[in-house]
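The values are calculated or read from the model by the stated rules, or taken from the named source; none is laboratory data. All of these numbers come straight from a predicted model, not from anything done at the bench. All Cβ positions, glycine included, derive from the backbone under ideal geometry; neighbour counts span all protein chains shown. Ligands, DNA and RNA are excluded from the accessible area calculation, which covers all protein heavy atoms including side chains. Shrake-Rupley method; radii C 1.70, N 1.55, O 1.52, S 1.80 Å.
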Amino acid sequence: MYESTQINLNGYTPVGDITVIALCMIMAVLLWHTNINKNNKFRTIILILMTTWTASVTNIIYEMLMYSENIKPLLIYTFRIIHNITLTFIPCMYIQYLHNPLWIPNRKKRKYGLISTIVISAVTVLDILGIIFRFGFYIDSNNVIHKHFNPYIILYAFSLTAIFYTIIKYRSRVIRQIFYGLLGVNIISILVMLIQGICGQISYTCVSYFFPVIGIIFMFHSNPYNIETGAVSGNFFNNEITDSTEKKNSLIIVSCTITDFSKMIHQSKEFKCQFYRFCRHNIKKGVLYHFPNERMVLTIPRKSNTNYYESIEKLINEFREKIYGKFHIDYKIVIIETSEEISESSDYLKIVDYNEQKMMPCEVHKVNADDIREFYSNSYIVSQLEDIVLKKNLDDERVLVYCQPVFNLLTNSYDTAEALMRLKLDKTGMVFPDRFIPIAEQYGMIHTLSMIILNKTCRAISELIGEHYEINRISVNFSALDIKYESFCCDVRDIINRNNIPYDKIAVEITESRSEADFNLMRRKVTQLQELGIKFYLDDFGTGYSNFERIMEIPFNIIKFDRSMLIESSKNDSSKFMVSTFASMFNQLNYAVLFEGVENDKDETRCVKMNAKYLQGYKYSKPIPVEQLKNFLKRSGV
């Protein structure tokens, strides 16, 4: 057998191979348990690690067998050939792996694969011939080991040439950080081999082959650069913001959200090349980040005496010309500068999102102080709405009921009204529906608000009835999202019963839906609640979408004409005839017509001529707290 000291002689120690074996196993385990997609690139990396592990293991066995007391030539030949073949496969698979990030055509991949197979096969045959004909590595009849010509040196030279040729030829297809990284790690690998040769060592051959493998793992699996876009992963964005804030350095942040960017960058080579070219030629300073939601963000350190906004304007114009002008993709660009008014680093992208929602496609917006204050105000409203929904208190004091009295032309009195919602919050004061209703709908919180306003309206009606005021009904607006709730009808019924008022004292205002499914659901729930005696208003007739056939299918009690119809009727005789015909038709079909937005005597006169039954608007009253509605109502016995 052999002794452990023997394999530390003759220029070899197993330390290098053992290190490589351990690193291969550690990296394989870490890669397997990370969030890397187990695609072809992942499988190639695992295969390279397995091949490197095999080369190191067989090298240790081969060296141990050569210096054992009982020489077994066949085993030595076998493990030597396996070691050399697996070792030569490492750079071959390395180059194959680089073909994807370097966008090398499939025909060249196949050509390289064929050439590699031929060269490896030829060198292996040459090595075997060297054993047979005694001109290479062989063991004589006296078990003396001879090392003459080594054909694998040719293969090593071939591999090095192929690697450097590939990296340098296609360097323009990767960002410079990746190019220099690939180049540098291969140079270090060669230096290790040269130093090893000068020192008469053979212990670190597998180590030098393993360095480039470590390089591609860090570059393409663990590095912050997105190899598809040449940008840093968005995960690192907040780190830069925090670091700049702590050092009191100012940054200009340019966000560009491009519709279907990920799809374009993967499917269109022309777009990919054009985008890379644009980035290389125009983004000389700063850091470019790529986020999953089709957003690219450029951060530029701001220094004094430099007109950065002029440079940014040139950059945007270049983008419009080279990218938008050629591919006609929609984009939104938001520019924001770091500010002491922004409290958290994570808020910057939230502010960008908030402004993007208000922007039209292909628009550029520079965030100002008012935008920042509006964002924080909006965030506060969201937090308050979340708290309201969480507590589910139908008497929540933050939700107020206002109403607008409705004038009844038949009785010449006020006997109905429309309930309107307001929020009264500590930090913002009164908040109007156009501000918080879209937020509540966006975040799925509208149903709780609707139920609170219904409950408070029912309670107000109960108080009015108890004080003998004549009130026919008060209408409550409901969102199309409310109708979709399975419990909608039960919730409305239970709240009315809870306040012990007749069902016909409540009316539900809804707008028409385009969706066939939503329309059928609406019809079913309208019918279900009407059977209890609840009235229904079709709100905002004349705006958006109106389908007469569908209106006829749902038994509405009142059709509310939007103010836009009233304005239209004043333009000319044709418009007046059209609006008047609509109103007359509804009257003949036993729908009562209510005109909204009546502001003066002329509006009122036109509405009366157009067969209106109810009028609502600032001529009669602005929206008032529901407690003041009694000032407009008659009182029985008074």
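Against the longest principal axis of the chain, how steep is helix 433-442, in degrees 0 to 90 to the nearest 10, with axes from Cα atoms?
Relative to the chain, helix 433-442 is tipped by roughly 40 degrees.
Would you kindly derive the ³J(HN,Hα) couplings of the stretch 474-486 from the backbone phi angles with the Karplus curve 6.51 cos²θ - 1.76 cosθ + 1.60 (θ = phi - 60°), listing them in order in whole Hz, with x for Gly and Pro?
Each residue of the stretch 474-486 in turn: 10, 8, 10, 7, 10, 6, 4, 5, 4, 4, 6, 5, 4 Hz.
Could you compute Rg(Cα) / (2.2 N^0.38 Å) for the stretch 484-638, with N its residue count? Display every interim value, and only then the final one.
Values: Rg = 17.1 Å, N = 155, 2.2 N^0.38 = 15.0 Å.
This ratio for the stretch 484-638 stands at 1.15.
For mean projected area of the Cα convex hull in nm², pick the label among [x] 26.8; [y] 42.8; [z] 31.2 that corresponds to the value derived from the coordinates.
It is the one labelled [y].
Hey, can you grab everything whose amide H is under 5 Å from the amide H of residue 508? Only 5+ residues off in sequence or another chain; H modelled, so Pro and N-termini drop out.
476, 535, 536, 537
Can you give the accessible area of residue 381 in Å² (nearest 10), computed on protein heavy atoms with a 1.4 Å probe?
Estimated to the nearest 10 Å², residue 381 gives 0 Å².
To the nearest 0.05, what FRET efficiency results for residue 74 and residue 135 with a Förster distance of 30 Å applied to their C-beta separation?
0.95
Setting aside same-chain residues fewer than 8 positions from residue 609, which lysines have a Cα under 26 Å from its Cα?
535, 560, 571, 576, 619, 622
Which of the aspartates and glutamates could a cross-linker bridge to residue 613, judged by Cα under 13 Å and excluding same-chain residues fewer than eight apart?
List returned: 415, 596, 604.
When the Karplus curve 6.51 cos²θ - 1.76 cosθ + 1.60 is applied with θ = phi - 60°, which whole-Hz ³J(HN,Hα) does each residue of the stretch 262-272 get, with x for Gly and Pro?
Result, rounded to whole Hz: 4, 5, 5, 5, 8, 9, 10, 5, 5, 5, 4.
For the stretch 314-431, give the percent of accessible area contributed by carbon and sulfur heavy atoms, probe 1.4 Å, rounded to a whole number.
Values: 2790 of 5830 Å².
The nonpolar share, carbon plus sulfur, comes to 48 percent.
Among DSSP beta bridges whose residues both lie in the chain, state the antiparallel percentage, nearest 5. Show your work: numbers first, answer last.
Values: 43 of 70 bridges.
Percent antiparallel among DSSP bridges in the chain is about 60.
Put +1 on the Cβ of every Lys and Arg and -1 on every Asp and Glu Cβ in the stretch 92-206; which of 93, 122, 202 then has its Cα farthest towards the positive end of the dipole?
93
Using a 1.4 Å probe and ignoring any ligands, DNA or RNA, find the accessible area of residue 138 and quote it in Å² to the nearest 10.
Approximately 30 Å² of residue 138 is accessible to the 1.4 Å probe.
Could you state, as a whole-number percent, how many of the C-alpha pairs of the stretch 407-564 are farther apart than 29 Å? Show your work: numbers first, answer last.
Values: 2221 of 12403 pairs.
Roughly 18 percent, rounded to a whole number.
Antiparallel DSSP bridges in the stretch 338-487: what percent, to the nearest 5?
On the way: 13 of 17 bridges.
Around 75 percent of the beta bridges assigned by DSSP in the stretch 338-487 are antiparallel ones.
What is the Rg over Rh value, at two decimals, for the stretch 26-167, using alpha-carbon atoms and the Kirkwood definition of Rh? Intermediate results must be reported in sequence, preceding the final value.
Details: Rg = 17.7 Å, Rh = 16.9 Å.
Taking Rh as the inverse mean 1/r over Cα pairs, Rg/Rh reads 1.05.
State the volume of the convex hull built on the alpha-carbon positions of the stretch 539-615, expressed per residue in Å³ and rounded to an integer.
Numbers: hull volume 6.4 nm³, N = 77.
Dividing the Cα hull volume of the stretch 539-615 by its residues yields 83 Å³.
Relative to the first principal axis of the alpha-carbon coordinates of the chain, what is the inclination of helix 488-498, with its axis defined by its Cα atoms, in degrees from 0 to 90 and to the nearest 10?
With rounding to tens, the tilt is 50 degrees.
In nm, to one decimal, how far is the modelled label at residue 269 from the one at residue 25, with both set 7 Å along Cα→Cβ?
4.3 nm
At residue 481 and residue 160, where each label point lies 7 Å from the Cα along Cα→Cβ, what is the point-to-point distance in nanometres?
Reported label-point gap for residue 481 and residue 160 is 6.6 nm.
Enter the accessible area per residue of the chain (Å², integer; probe 1.4 Å; all protein chains in place).
Numbers: 31930 Å² over 638 residues.
Per-residue value: 50 Å².
If I stretch the segment between residue 107 and residue 303 completely, what's the gain in nm (0.36 nm per residue apart, minus their alpha carbon distance), one decimal? Mind showing how you got there, number by number?
Values: separation 196, 0.36 × 196 = 70.56 nm, distance 4.91 nm.
Length gained between residue 107 and residue 303: 65.7 nm.
May I ask for the angle, rounded to the nearest 10°, between helix 106-133 and the longest principal axis of the chain, with both axes built from Cα atoms and the value confined to 0 to 90°?
20 degrees
Taking R0 as 25 Å, what's the FRET efficiency between residue 280 and residue 328 from their Cβ-Cβ distance, rounded to 0.05?
Numbers: r = 22 Å, r/R0 = 0.90.
It comes out at approximately 0.65.
For residue 263, which aspartates and glutamates qualify as cross-link partners when the Cα separation must be under 12 Å and same-chain residues fewer than eight apart are set aside?
Partners within reach: 228, 294.
Tell me the volume per residue, in Å³, of the convex hull enclosing the alpha carbons of the stretch 87-205. Kindly include the intermediate steps, with their values, before the conclusion.
Numbers: hull volume 12.2 nm³, N = 119.
Looking at the stretch 87-205, the number lands at 102 Å³ per residue.
Please arrange 62, 156 by accessible surface area, largest first, computed with a 1.4 Å probe and ligands excluded.
Working: 62 20, 156 45 Å².
Solvent-accessible surface, decreasing: 156, 62.
Does anything in the stretch 611-638 have its amide N under 12 Å from the 7 Å Cα→Cβ label point of residue 470, and if so which residues?
633-638
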